[in-house]
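Novice: Just dropping this structure here.
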Amino acid sequence: MRSELSSPESRGRAALILALLAAVLVVSGCGYHVAGRASNLPEGWKTIAIPMFKNDTTRYRIEQRFTAAVIREFISRTKYHVVQDVSSADAVLHGEVLSIDTSPVLFNANTGEVTTMIVTVHTKLSLVDAKTQKPVYQANDMVFRGEYQISADVNAFFEQSDPALERMARDLASHIVANVVEEF
């Protein structure tokens, strides 16, 4: 009976993991940091409140998806604790979904049906210091564009709409957190 580590595939995986670990140790010793962990925000902040985004579109519950995705992204990519109570936070991130537009990009050559759409989301963001009530970051029209494939099958389209919206919300949240925290 052969052990699991004796197969060439397992040894290759173990070597790759060791090489990645060595690279991480070397880079961490050189003053580099993982993308998304640097912050240009005040050092004393520990908590950020993210109230529900305002929805200026006709898309049902899109503000809930976007707010939840931004909260998840802040939790996973930053050192800040996200709290619900605005009065107990060091900062408050206000968001507003201004518009969502979709445009066809690719078509099926045989049927003429749309296969890929580009989604453009316009948002308004403001990160306010809770003590001074002064904006630390503000974007009156942050634009996010993402390309998403759609199915020609109507039943499959409706089955895929939730996962597609979740992917879009995650992509948008990543874009928002990078802009707010790293000020790109």
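Novice: Given the criterion of a type in the set (A, V, I, L, M, F, W, C), part of a helix (DSSP H, G or I) and in contact with a His (Cβ under 9 Å, 6 or more places away or on another chain), identify the matching residue among Ile75, Ile48, Ile71.
Specialist: After applying the criteria, what remains is Ile75.
Novice: Here is a further query. When Ser103 is evaluated against the numbered criteria (1) surrounded by fewer than 13 Cβ atoms within 10 Å (Cβ to Cβ); (2) in contact with a helix residue (DSSP H, G or I) (Cβ under 8 Å, 6 or more places away or on another chain), which criterion, by number, is the only one it fails?
Specialist: Exception for Ser103: condition (2).
Novice: Given the conditions (1) of a type in the set (A, V, I, L, M); (2) outside any loop (DSSP other than H, G, I, E, B); (3) farther than 25 Å from Gly146 by Cβ; (4) modelled with pLDDT under 90, which single one is not true for Leu41?
Specialist: Only one criterion in (1) of a type in the set (A, V, I, L, M); (2) outside any loop (DSSP other than H, G, I, E, B); (3) farther than 25 Å from Gly146 by Cβ; (4) modelled with pLDDT under 90 is unmet by Leu41, namely (2).
Novice: Kindly indicate the residue of region 115-151 that is among the hydrophobic types (A, V, I, L, M, F, W, C) and not in a strand (DSSP E or B) and also surrounded by the most Cβ atoms within 10 Å (Cβ to Cβ) among those meeting that condition.
Specialist: If we take residues in region 115-151 being among the hydrophobic types (A, V, I, L, M, F, W, C) and not in a strand (DSSP E or B), then Ile150 is surrounded by the most Cβ atoms within 10 Å (Cβ to Cβ).
Novice: Is it the case that region 87-95 has a residue that's in the same structural domain as Tyr60 (by TED's automatic domain parsing), in a helix (DSSP H, G or I) and either touching a residue at least 12 places away in the same chain (Cβ under 8 Å) or more than 19 Å from Asn179 (Cβ to Cβ) (or both)?
Specialist: Within region 87-95, one or more residues are in the same structural domain as Tyr60 (by TED's automatic domain parsing), in a helix (DSSP H, G or I) and either touching a residue at least 12 places away in the same chain (Cβ under 8 Å) or more than 19 Å from Asn179 (Cβ to Cβ) (or both).
The values are calculated or read from the model by the stated rules, or taken from the named source; none is laboratory data. These numbers were taken from a predicted model, which means no experiment stands behind them. Cβ sites come from the backbone with ideal geometry, for glycine too, and all protein chains shown count toward neighbours.
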